[in-house]
1. Test of understanding: ordering LYS144, LYS29 by Cβ neighbours within 10 Å, fewest first, what list do you get?
2. Take the cross-link list LYS28/LYS65; LYS29/LYS64; LYS87/LYS144; LYS103/LYS144; LYS13/LYS46; LYS87/LYS168 and give me the ones stretching past 20 Å between alpha-carbons.
3. For HIS193, HIS31, which order do you get if you count the other beta carbons within 10 Å of each Cβ and list the fewest first?
4. Taking neighbour counts of Cβ atoms within 10 Å as a proxy for exposure, in what order, fewest first, do LYS46, LYS62, LYS87 appear?
5. Please compute the net charge surrounding GLU79, taking Lys and Arg as +1 and Asp and Glu as -1 over other residues with Cβ under 15 Å from its Cβ.
6. If each residue of separation counts as 0.36 nm, what is the full-extension length gain between HIS31 and GLU2 once their alpha-carbon separation is subtracted?
7. At a Förster distance of 30 Å, what's the computed FRET efficiency of GLU17 paired with TYR85, Cβ-Cβ distance as r, to 0.05?
8. So how much slack lies between LEU94 and ARG153, counting 0.36 nm per residue of separation and subtracting their Cα-Cα distance, in nm?
Amino acid sequence: MENYYDILEVSSKASKEVITKAYRTLVKKYHPDANSKNNKPIDDEKIKKINEAYDVLSDEEKRKKYDEELERIKQQENEDMQLRYEKLVEQNRLLQQELANLKNYQGNYNNERLQNTYNENFNSNYNDNLQREIDQRINQSVNKAYHDAYIQRMRDYGYKIYHKKTLKERGKDFLSICLAIIIVLIILFILWHIPSVRNHIESNKIFKAFMNSFFGKNF
C-alpha cells in the first residue's frame, strides 16, 4: 500500500492547508515542462502518484478511510514482526539446546577416555566453560538485537515505549533519595549549632518549628 503522506512529504498529522501547499510545490518541482525531456517518463509517473495522493488526502472522507486502512496495515505488520521475533528466539533456544546436548555428549566421551589424565581433563573443562560463556553471550546479544530492532520499529510507527524499572533500579532510586535527605539533615544539624545562624533561625518561627520536628523540642 502506497504511503500517501510520504509521497507528499508531509506528516500524517498535517492539516489540509499544509497538504495543499506541499502538493503544489511537488507538482511544480516534477512538472515535465520544468525538467529535461530525458526525465519526462519518470516525472510523469511521479506526478501521477502525487495527484493520487492529493486526491485522497485532500478529501476528509477518503482520508479518514485511508488512515484507518493504513493503521490496520501497520498493526498487522507489528504483529507479523512480533511473531517473527518470537520464532527467531525459539529457533535460537532450540539451537542452544542442541549445542548443549552435543557438548554433554562430547564431555562424557572425553571423561571416559581421559579420566586418568589430570591436565587434559583440566583443559577440557576450561574449554567447555569458555564455550558455554561464549554461547551465553552470543545468545544474549542476539536476543538484545531482536528486542532493540522491535522497539525501534515500534518507535518508527509512532508508539511510545516506556521503560519499566526493575526492583533493583527502584531500590537504587530509594537509596539515593534517603542519602540526599540524610545529607540535608546533617547540613541543617551543623548550621543549627552555629550561634549566628541559630539566632537567625530562631527568629524564623516556621524554620524553627521545622528543626524542632526533626531534632526534638528545644534542640
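1. Working: LYS144 10, LYS29 13.
In order of increasing Cβ crowding within 10 Å: LYS144, LYS29.
2. On the way: LYS28/LYS65 28 Å; LYS29/LYS64 28 Å; LYS87/LYS144 15 Å; LYS103/LYS144 25 Å; LYS13/LYS46 23 Å; LYS87/LYS168 30 Å.
In this structure, LYS28/LYS65; LYS29/LYS64; LYS103/LYS144; LYS13/LYS46; LYS87/LYS168 exceed 20 Å between Cα atoms.
3. Details: HIS193 9, HIS31 13.
Arranged by neighbour count, lowest to highest, HIS193, HIS31 become HIS193, HIS31.
4. Values: LYS46 19, LYS62 13, LYS87 10.
In order of increasing Cβ crowding within 10 Å: LYS87, LYS62, LYS46.
5. On the way: positive: ARG72, LYS74, ARG84, LYS87, ARG153; negative: GLU71, GLU77, ASP80, GLU86.
Combined, the nearby Lys, Arg, Asp and Glu give +1.
6. Working: separation 29, 0.36 × 29 = 10.44 nm, distance 2.08 nm.
Taking HIS31 through GLU2 to full extension adds about 8.4 nm, to one decimal.
7. Values: r = 40 Å, r/R0 = 1.35.
Step by step, r from the Cβ atoms, then E = 0.15.
8. Working: separation 59, 0.36 × 59 = 21.24 nm, distance 2.59 nm.
Separation in residues times 0.36 nm, less the Cα-Cα distance, equals 18.6 nm.
The numbers here are math on the coordinates, done by the rules we state, and not lab data. Source: prediction; values computed, not measured. Glycine also receives a Cβ, built like all others from the backbone with ideal geometry; neighbour counts cover every protein chain displayed.
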